[in-house]
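Worksheet for the structure shown next.
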Protein chains: 2
Amino acid sequence: MQTIDSLIHARWIAPVEPDATVYENHSLAVNEGRIVDMLPAQQARETYRADIEHDLGRHLLIPGLVNTHTHAAMTLLRGIADDLPLDEWLNRHIWPAESRWVNEDFVHDGTQLAIAEMLRSGTTCFNDMYFFPDVTARVAAHSGIRVCAGLIILDFPTIWAQDADEYISKGLEVHDRYRSDPLISTLFAPHAPYTVSDAPLEHIRVLADELDISIHMHVHETAAEVGKALELTGKRPLARLQDLGLISPALLAVHMTQLTADEIRQYAEGGGHVVHCPESNMKLASGFSPVVELARAGVNIALGTDGAASNNDLDMLGEMRSAALLAKATSGDASALPAGTVLRMATLNGAKALGLGEDTGSLVPGKWADLTAVRLDTLETRPLYDPVSQLVYACSREQVTDVWVAGQHLLKERRLTTLDGNEILQRTRAWQTKIRSTDR
Amino acid sequence: MQTIDSLIHARWIAPVEPDATVYENHSLAVNEGRIVDMLPAQQARETYRADIEHDLGRHLLIPGLVNTHTHAAMTLLRGIADDLPLDEWLNRHIWPAESRWVNEDFVHDGTQLAIAEMLRSGTTCFNDMYFFPDVTARVAAHSGIRVCAGLIILDFPTIWAQDADEYISKGLEVHDRYRSDPLISTLFAPHAPYTVSDAPLEHIRVLADELDISIHMHVHETAAEVGKALELTGKRPLARLQDLGLISPALLAVHMTQLTADEIRQYAEGGGHVVHCPESNMKLASGFSPVVELARAGVNIALGTDGAASNNDLDMLGEMRSAALLAKATSGDASALPAGTVLRMATLNGAKALGLGEDTGSLVPGKWADLTAVRLDTLETRPLYDPVSQLVYACSREQVTDVWVAGQHLLKERRLTTLDGNEILQRTRAWQTKIRSTDR
């Protein structure tokens, strides 16, 4: 008998690797934060002596969900200005609220609220883009969730930095501070082609190569953005990024709703990743990302919720459902983006895009034990013919019961173990009062 | 002091009538199953002496949701064949399973499972189309939910009837049996233009006029359906229905994804209602219903989940969100179908389509007390700037705490009062075993 930290017995396990596989009555053996084995439950009990055993007899165990694009702190702006045209939403509500209120405390409190929501809905890793990435990293570290803190870069001054050089140098400081933390990684996060000019983008490309970190950027989010770029530069933004040498396996292009067949082919050839945000794209009427064509071209597609100001939740289960339904609708093919594929997008594909494919995203020995357990015995998810299909098409975030990150039990029968929900709610209420007082 | 049955105090009330209004700290006075008053809470306590008082201090109170198109019993087929092309889904899985298994017990157990799910997600009235509508009505009556039992009509034999005449005569028996029940109404439910021929449709039109009941029908669900009709008859189905005199305020046309501008105008002129099923339309890749154009033309648009075999839930909160997001995406206008409008579609518009506009669908004195209370104090729905927006864009079905139909408290702090959840789950499991044994 080998002694290990814990054994998790589950009614069903969908490891994502191998693809489209569901094991019944199997167990995951976890030691020192990592998966060491997966085997039939009976055999597991005979092979391992575990300090703790968890019995998930009514649950599906999946890799923790990877939210590959969000702005966590913006959760404090959830629902502040819904049902408005994009311009009015951004220019008259979101940006004024941000310029009035964003500071370290805002990022601390908003990110903590976001993490609480993400853990409660099964997300174990998130890729963020916002001001004060050091605060985001610190709050995430405190909570135990895995984070990719985006080192935001813009041409213009904000509370975080004055110009592109300062954004970059402050970003590098954050990168250095957390480079050896197993739960924290950093990415360059130049906001978008229309907010970052050529010189800083070239600088970022060189640094990203040197440091071996990725680049996370909004690209071709709306037709207006592409049209304006054509007007100003004579080039579509993707062509400009191509010319700048940015299209590579280090690029995570978010949204990508406006794509020609040639652009899809070139992007695939360059090896870039796409982060699909179906609910945000729908809510802001940005357009449809051609995910079926992108996947056919061989592009790795991950999934993100975007910020709660344009979604309005950080629920990756709901996002999986929206992605699957929307792909069928836009492709006219009910077999497009089946449940297993969308689960892979929400886990392994995200991990790969983030350079964490060896660490998380599937339940494979050697990877960190980043796990999510979902109850499937409620009225809403019965009968049950296929657990993965049920997860995607019928399950709600409230059916997530337990979450582990690197073996640490962060959500325990729906109770957060590292965060104080009441305290978070109190601080959220204080922000709500302040923010509402200035929103018109 | 006037003595009444109950006073319900709520933090917020969205009565739907008047439009786009939210009252804070108001109370609903209920007597003999009907709303008798709505007024500020303080004043309510001074005006009424109630046998029971309910304090919903963290809740939004809305009219009970009206699911205007479903096949309740099909909940037993939830998830049996996902991610398949429509033809294969229907011909190789759904119809074989139905012809093998549908009987009175199937309808009893499936409908009970569906009602449990609907009550737990805030639905107080559903419009059904399935075999054995007498069983559907009986199960609904037992549970206390409001039902519109569809008197299904097809040209071909099934376990319920042999030919159109028999479907109609059995339907009329069901209509007679329940005509005086305040919770049960009946509608003719000819399945679709391609499954019911002219003679029975003419007969139904005459009977519907005589009996003053409505007609509930799948219309223009897919492009294939319209194309095949053109091939066989030289007419699009809507043109045929127009010629048969069926387009009138008595018609509820479900799906309507294939519509020309002329058809929209003519349908609006005829006064027909449309039941929009966005999730089912997406999941089966049926197409997009042009709800923005339909609404602009003056058509009353209600909302339905369709059956759980093509959704895969009966959650009207989720359906509202999908409707709002999809309308923005397809119209390219982020202000399309705002939260208040989609709530009206899911309540009052449904009631009107069903001929129940005087009885339910809004919180107005004189109407039945069909009510749904939703908690908005969880992390996932904070901060809170606009309760109706939060309901549509951030809330999940699990936040529904209490439901009343005609004043009867059917869901009490998430506990079903008239149905036994465990018994339902046990019977569902037995069906699952049987159905799975024959599905290939």
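The values are calculated or read from the model by the stated rules, or taken from the named source; none is laboratory data. This one's a predicted model, so the numbers in the text were calculated from it and none came from an experiment. Glycine gets a Cβ as well: all are built from the backbone with ideal geometry, and neighbour counts include every protein chain shown. Each accessible area value is taken on the protein alone, full model and side chains, heavy atoms only, with ligands, DNA and RNA left out. Shrake-Rupley method; radii C 1.70, N 1.55, O 1.52, S 1.80 Å.
Quick look at the numbers
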quantity: Chain B, relative contact order [Cα under 8 Å, separation at least 6], %; calculated: 21 percent
quantity: Solvent exposure ordering (accessible area, 1.4 Å, most first) of A:His409, B:His69, A:His203; calculated: A:His203, A:His409, B:His69
quantity: 10 Å beta-carbon shell around A:Asn281, net charge (K/R +1, D/E -1); calculated: -1
quantity: Per-residue HN-Hα couplings for region A:331-347 [Karplus 6.51, -1.76, 1.60; θ = phi - 60°; Hz; x = Gly/Pro]; calculated: 8, x, 10, 5, 9, 5, 6, x, 3, x, 5, 5, 5, 5, 4, 7, 9
quantity: Cβ-based net charge around A:Val66, under 10 Å, with every Lys or Arg adding one and every Asp or Glu removing one; calculated: +1
quantity: Two-site FRET efficiency, A:Glu104 against B:Ser180, from Cβ-Cβ distance with R₀ of 56 Å, rounded to 0.05; calculated: 0.25
quantity: Test item: B:280-292 mean partner chain Cβ contacts at 10 Å; calculated: 3
quantity: Where A meets B: accessible area buried, both sides, 1.4 Å probe, Å²; calculated: 5200 Å²
quantity: Residues in region A:330-354 that, when all protein chains are in place, have 30 Å² or more less accessible area than the chain alone would give (probe 1.4 Å); calculated: A:Ala334, A:Ser335
quantity: Where Cα atoms sit under 23 Å apart: lysine pairs in chain A separated by 8 or more or lying on different chains; calculated: 4
quantity: At most 15 other Cβ within 10 Å, DSSP loop - trypsin sites (Lys or Arg not before Pro), region A:109-184; calculated: A:Arg179
quantity: Highest-fluctuation residue, A:Ala394, A:Ala224, A:Ala324 considered, GNM on chain A with Cα pairs under 10 Å; calculated: A:Ala224
quantity: Sparse-neighbourhood loop sites, GluC sites (Glu not before Pro) in region A:276-367 - DSSP loop, at most 14 other Cβ within 10 angstrom; calculated: A:Glu358
quantity: For A:Phe156, inter-copy label distances in nm, listed shortest first [label point 7 Å out on the Cα-Cβ vector]; calculated: 6.3
quantity: Charge dipole magnitude, Cβ of K and R +1, D and E -1 - the protein assembly as shown, Cα centre, debye nearest 20; calculated: 740 debye
quantity: Percent carbon-and-sulfur accessible area, chain B, ignoring ligands, DNA and RNA, probe 1.4 Å; calculated: 47 percent
quantity: Radius 15 Å from Cβ of A:Glu231, net charge of other residues (Lys, Arg +1; Asp, Glu -1); calculated: +3
quantity: Residue mean of other protein chain beta carbons inside 10 Å, A:125-134; calculated: 0
quantity: Teacher prompt: B:Pro249 distances to equivalent labels in other copies, 7 Å Cα→Cβ, nm; calculated: 6.6
quantity: For chain A: accessible area per residue (Å², 1.4 Å); calculated: 34 Å²
quantity: From phi via Karplus (6.51, -1.76, 1.60), per-residue ³J(HN,Hα) for region B:417-422 in Hz, x at Gly/Pro; calculated: 9, 10, 10, 9, x, 5
quantity: Centre separation in Å (Cα based) which lies between region B:242-295 and region B:25-92; calculated: 25 Å
quantity: Peptide A:71-83, shielding by other chains (average Cβ, 10 Å cutoff); calculated: 5
quantity: Furthest towards positive pole of dipole, B:Ala253, B:Thr195, B:Met118, structure part region B:65-353, Cβ charges; calculated: B:Met118
quantity: Low-density loop cleavage sites - chymotrypsin sites (Phe, Trp or Tyr not before Pro) in region A:74-107, where at most 15 other Cβ are within 10 Å (DSSP); calculated: none
